[in-house]
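Heads up, the thing below is written out as structure tokens.
The values are calculated or read from the model by the stated rules, or taken from the named source; none is laboratory data. Bear in mind that the values here come from a model prediction, so they are computed numbers and not experimental data. Cβ placement follows ideal geometry from the backbone for every residue including glycine, while neighbour counts extend to all protein chains displayed. Side chains are part of the model used for accessible areas, which takes the heavy atoms of the whole protein and leaves out ligands, DNA and RNA. Shrake-Rupley method; radii C 1.70, N 1.55, O 1.52, S 1.80 Å.
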Amino acid sequence: MLIVHHWDTDGVCSAAKIVKALKPSSFVNMSPVIGEFNFNDRIRNAMDEHDDIFIVDLNLPGELERVKKKVTFIDHHIQGRVQNELVDHINPLLDGGDMKEYPSCTTVISEHFGDWDLLSSLGAIGDVGEKAIQNPAVKEQLDKAGIGLKEAERIVTLIDTNYLAVDIEGVEEAVKLVLSLSYHEMLKHPPWVERDQDIQGAMDSCMARREDLDGFTVIDITSPYNIVSKLARKAVWELGYSGALVINRDFHGKGQTYFRIDQETSKRIDIASIIAGLREIGINAGGKREVVGCIYPIERTEEVLDIFRPHLPASIQGGNHI
């Protein structure tokens, strides 16, 4: 079995849940290049070599339109249904499901296979934070495991250190670790704990440089860490901004832009139209109702920002803010 998964906690736990539910005799799990939403040659070659293939928590309908063998695609992001008869596309949001009911890919997998556990909850908390416990099933699994929300959030932070440090081997190893470690062991896993200290220092430095305008914040950085989404989450979820635009102008030779808004702001800013606009100019972008992220050649940074500008407060659009 081959499982191709996103690099964050939801992706890691989703891949682990496939293994737990189906109990394959052996499996290979892989993540795309961290920060890039496409299949590279490494993944394509692996897909050629396997017949039992799962793609989980990856908003890549374009890639899946082109696959030439049967795959099972399980996801919870905004997109159209994949128009490829070889793809079994499982996404209850496409059938009218509520995002509150399916806050993560782990919750979709858990319902599909009838297998709820702590991993189900960690994936949900990884994607939507404390709002995840509004889903009774998520809260129930935390209670069963005897773990509080703060401890669960800490585990998510530690699992995410792998992708934040752009450690693809660490991301892929994490799938096996979350299957084998107790939550007590996860909280103390030395490589994750040590790396988290370094990342937190970088986060603090970047947050100190933010510019606040009309309830929004712009965080313009240059960093080797894949922290744009984490910075935006902190700004909106913890600091209470209506929206956060994070621009990393040199992420290992590429540009990154990540935009997150709160639930109220999502009523007047259409994230789907931003994603469509980026894709129209050939930028690989993905997201959900309250978030969009993309990675692109550095020389196209201004083109990308031009797609975002019309959706931002006038005070941000003008001057030298972005």
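Which condition number in (1) part of a loop (DSSP other than H, G, I, E, B); (2) modelled with pLDDT of 95 or more; (3) surrounded by fewer than 20 Cβ atoms within 10 Å (Cβ to Cβ) is the one that residue 78 fails?
(2)
What about residue 136, is it over 17 Å from the mean Cα position of the chain (by Cα) and within 28 Å of residue 252 (Cβ to Cβ)?
no
Could you check, for the stretch 124-132, whether at least one of its residues is assigned to a helix (DSSP H, G or I), at pLDDT below 95, β-branched (Val, Ile, Thr) and surrounded by 15 or more Cβ atoms within 10 Å (Cβ to Cβ)?
yes
How many residues does the stretch 19-38 contain that are surrounded by fewer than 24 Cβ atoms within 10 Å (Cβ to Cβ) and either of a type in the set (Ser, Thr, Tyr) or part of a helix (DSSP H, G or I) (or both)?
6
Is it the case that some residue within the stretch 256-272 is more than 16 Å from the chain's Cα centre (by Cα) and at pLDDT 95 or above?
Within the stretch 256-272, not a single residue is more than 16 Å from the chain's Cα centre (by Cα) and at pLDDT 95 or above.
For (1) touching a Gly at 6+ places or on another chain (Cβ under 7 Å); (2) modelled with pLDDT under 90; (3) among the charged types (D, E, K, R); (4) not in a helix (DSSP H, G or I), each residue gets a yes or a no:
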| position | (1), (2), (3), (4) |
| --- | --- |
| 209 | no, no, yes, yes |
| 223 | no, no, no, yes |
| 237 | yes, no, no, no |
| 245 | no, no, no, yes |
| 287 | yes, yes, no, yes |
| 309 | no, no, yes, no |
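Regarding residue 166, is this residue more than 30 Å from residue 314 (Cβ to Cβ), surrounded by fewer than 18 Cβ atoms within 10 Å (Cβ to Cβ), under 20 Å from the mean Cα position of the chain (by Cα) and in contact (Cβ under 8 Å) with a residue 40 or more places away in the chain?
So residue 166 passes the test.
Of everything in the stretch 261-276 that's part of a loop (DSSP other than H, G, I, E, B) and not aliphatic (A, V, I, L, M), which residue is farthest from residue 294 (Cα to Cα)?
Looking at the filtered set, the residue picked out is 264.
Can you pull out every residue in the stretch 109-118 that is open to solvent by 10 Å² or more (accessible area, probe 1.4 Å), in a helix (DSSP H, G or I) and out of contact with any strand residue (DSSP E or B) (no Cβ under 9 Å at 6 or more places or on another chain)?
111, 113, 118
Of the conditions (1) under 21 Å from the mean Cα position of the chain (by Cα); (2) assigned to a helix (DSSP H, G or I); (3) within 30 Å of residue 283 (Cα to Cα), residue 178 satisfies every one except a single condition; which number is it?
Going through the list (1) under 21 Å from the mean Cα position of the chain (by Cα); (2) assigned to a helix (DSSP H, G or I); (3) within 30 Å of residue 283 (Cα to Cα), residue 178 breaks only (3).
Would you please list the contacts, defined by Cβ atoms under 7 Å and residues six or more apart or on different chains, that run from a residue in the stretch 14-37 that is basic (Lys, Arg) to a residue that is outside any loop (DSSP other than H, G, I, E, B) and open to solvent by 30 Å² or more (accessible area, probe 1.4 Å)?
20/179
Of 264, 211, 280, which residue is in contact with a strand residue (DSSP E or B) (Cβ under 6 Å, 6 or more places away or on another chain), of a type in the set (Asp, Glu), surrounded by fewer than 19 Cβ atoms within 10 Å (Cβ to Cβ) and more than 19 Å from residue 8 (Cα to Cα)?
211
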